[in-house]
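> Input: one structure, supplied below.
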Amino acid sequence: MISGITKSVLPIIVVSQLFCTSLWFASNAVLSDLVYDFGLAQSALGHITSAVQFGFIIGTLVYAILTIADRFSPSKVFLISAIAGAIFNLGITLDDLNLTSILSFRFLTGFFLAGIYPVGMKIAADYYEKGLGKSLGFLVGALVVGTAFPHLLKEFTGALPWRLVLILTSGLAVSGGILIFALIPNGPFRRQSQKPDFTAIMKVFGNKKFRPAAFGYFGHMWELYTFWAFVPLMLTTFIKLHPEVVLNIPLLSFLIIGLGGIACVMGGYLSQSYGPKKIASFALFLSGTCCLLSPLIFLVNSSVLLVGFLIFWGLVVIADSPLFSTLVAHNTVAESKGTALTIVNSIGFSISIISIQLINGTQDSFDSRFIYMYLALGPILGLIALYKNND
């Protein structure tokens, strides 16, 4: 039966991942409505985004320490996590909320995303021992589109109640969980752990070949989610600097973030010819260059240049993500792949919170045109880590 369904496994995981990860930025897409209805400050963007990231971090730590994805059926873990995440996503549709309650619901949504994103990669790794880079390219591409999707929903439901975006994303998440559970059994390359291994995290980091891939991923994560979170603000800043310009912020945010899914797929195919490390390094270099050049897009009064630059940045900022996950999986024993992918995600998202809060905290104190140059620190350190002990 396994061999008969292998060809359909990847499309199913991709669709499920797309549906479920729409939970991630659901609140960002309706942030202006949240600010208006609940009397929040404009700085709520950074706090709400960080709450999801923090929830994901704690979730991945719990999932990793208890080796949940390696001990239990990944498809069951995925389903339960999707349902729980969908329920807490709906929490912010309630009336009379304040910032604390909104942050709590977003934290819990992020917690259960830990059973979706890395577990989806674990399922793919259990089926695709060869060509994993290409497979994860499609999978992370689905994450990208799923992350951007709420912005598109907001564009199409603009005249309707903003809560509809949350209802639709929760419905999609439950559908994605059911798809995985109903159609994807345990993969042929899965090696089940029999009991919790509280030393598993130390073991994976004890692998010298594992560490460069992990540290390269950490540098990538310093930039990625901060860029995604602040794309709408970048567009808003440009409009403030050039009042005569008219931009469709929800639609452009979707395109800038969502088109990165194409880059993930392209990177996966290129990695088959040139190797995942080389393609990941090239993408990391290009995205770091975009960070350093970012002030220029605000100085020139050209919306075409702005959108073109941000789309290019959106492509290269994510192209390396599935390749780093491939390197992590390839340099981990089969029994610990789920734990390794999960703990690397946990640390990477911890780093993203620091980056988000740095930009969030400096936007009022420094010239907003220059603050995104800070993001170059991640790619620079990531490249150093990848090639410090070049093999």
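> Return a yes/no flag: does the range 235-247 have any residue that is at pLDDT 90 or above, outside any helix (DSSP H, G or I), under 25 Å from PHE156 (Cα atoms) and touching an Asp or Glu at 6+ places or on another chain (Cβ under 8 Å).
no
> Right, next: Report whether or not THR49 is assigned to a helix (DSSP H, G or I) and surrounded by 24 or more Cβ atoms within 10 Å (Cβ to Cβ).
Yes.
> Test each condition in (1) at pLDDT below 90; (2) under 23 Å from LEU139 (Cα atoms); (3) aromatic (Phe, Trp, Tyr) for PHE205 and report the one that comes out false.
(2)
> While we're looking at this one, here's another question. Which residue out of LYS154, LYS122, LYS130, LYS134 is modelled with pLDDT under 90, farther than 21 Å from THR326 by Cα and either among the basic types (Lys, Arg) or under 14 Å from the mean Cα position of the chain (by Cα) (or both)?
Sole residue among the options that is modelled with pLDDT under 90, farther than 21 Å from THR326 by Cα and either among the basic types (Lys, Arg) or under 14 Å from the mean Cα position of the chain (by Cα) (or both): LYS154.
> Taking the range 360-376 as the region of interest, how many residues are among the polar types (S, T, N, Q), under 21 Å from TRP313 (Cα atoms) and part of a helix (DSSP H, G or I)?
Qualifying residue count, the range 360-376: 1.
> In the range 94-105, is there at least one residue being charged (D, E, K, R), more than 20 Å from the chain's Cα centre (by Cα), part of a helix (DSSP H, G or I) and modelled with pLDDT under 90?
No: the range 94-105 contains no residue that is charged (D, E, K, R), more than 20 Å from the chain's Cα centre (by Cα), part of a helix (DSSP H, G or I) and modelled with pLDDT under 90.
> Then there's this: Tell me which of these ASP37 doesn't satisfy, since it passes every other one: (1) modelled with pLDDT under 85; (2) among the charged types (D, E, K, R); (3) touching a helix residue (DSSP H, G or I) at 6+ places or on another chain (Cβ under 8 Å).
(3)
> Filter the range 359-376 down to the residues that are under 19 Å from the mean Cα position of the chain (by Cα) and at pLDDT 90 or above and list them by number.
Filtering the range 359-376 down to residues under 19 Å from the mean Cα position of the chain (by Cα) leaves 359-360, 372, 375-376.
Of everything in the range 359-376, those that are under 19 Å from the mean Cα position of the chain (by Cα) and at pLDDT 90 or above turn out to be TYR372, LEU375, ALA376.
> What residue, of LEU323, LEU315, is at pLDDT 95 or above, within 30 Å of PHE78 (Cβ to Cβ) and touching a Gly at 6+ places or on another chain (Cβ under 7 Å)?
Working: LEU323 fails: at pLDDT 95 or above.
Just one listed residue meets the conditions, LEU315.
> So, in the range 52-87, of the ones that are in contact (Cβ under 8 Å) with a residue 12 or more places away in the chain and outside any helix (DSSP H, G or I), which residue ends up farthest from LEU108 (Cα to Cα)?
Taking the candidates together, the pick is SER73.
> Same structure again: Has the range 298-309 got any residue that is in contact with a helix residue (DSSP H, G or I) (Cβ under 9 Å, 6 or more places away or on another chain), surrounded by fewer than 19 Cβ atoms within 10 Å (Cβ to Cβ) and closer than 30 Å to LYS208 by Cβ?
Taking every residue of the range 298-309 in turn, none turns out to be in contact with a helix residue (DSSP H, G or I) (Cβ under 9 Å, 6 or more places away or on another chain), surrounded by fewer than 19 Cβ atoms within 10 Å (Cβ to Cβ) and closer than 30 Å to LYS208 by Cβ.
> Restricting to the range 155-173, and then to whatever is closer than 12 Å to THR93 by Cβ and among the hydroxyl-bearing types (Ser, Thr, Tyr), can you tell me which residue is surrounded by the fewest Cβ atoms within 10 Å (Cβ to Cβ)?
The selected residue is SER170.
> Among the helices (runs of 4 or more DSSP H) contained in the range 255-319, which hold 1 or more residues that are within 22 Å of VAL15 (Cα to Cα), in contact (Cβ under 8 Å) with a residue 12 or more places away in the chain and under 19 Å from the mean Cα position of the chain (by Cα)? Quick ask: steps written out before the conclusion?
Working: elements: 260-274, 276-299, 303-319.
In the range 255-319, 260-274, 303-319 are the helices (runs of 4 or more DSSP H) which contain 1 or more residues that are within 22 Å of VAL15 (Cα to Cα), in contact (Cβ under 8 Å) with a residue 12 or more places away in the chain and under 19 Å from the mean Cα position of the chain (by Cα).
> Looking at LEU166, LEU97, which is the one that is touching a residue at least 24 places away in the same chain (Cβ under 8 Å) and under 22 Å from TRP228 (Cβ atoms)?
The conditions single out LEU166.
> Within the range 252-287, restricting attention to residues that are touching a Lys or Arg at 6+ places or on another chain (Cβ under 8 Å) and hydroxyl-bearing (Ser, Thr, Tyr), which residue is surrounded by the most Cβ atoms within 10 Å (Cβ to Cβ)?
SER271
The values are calculated or read from the model by the stated rules, or taken from the named source; none is laboratory data. Just so you know, these numbers come straight off a predicted model, no measurement behind them. FYI the Cβ positions are ideal-geometry reconstructions off the backbone, even for glycines, and counts take in every protein chain you see.
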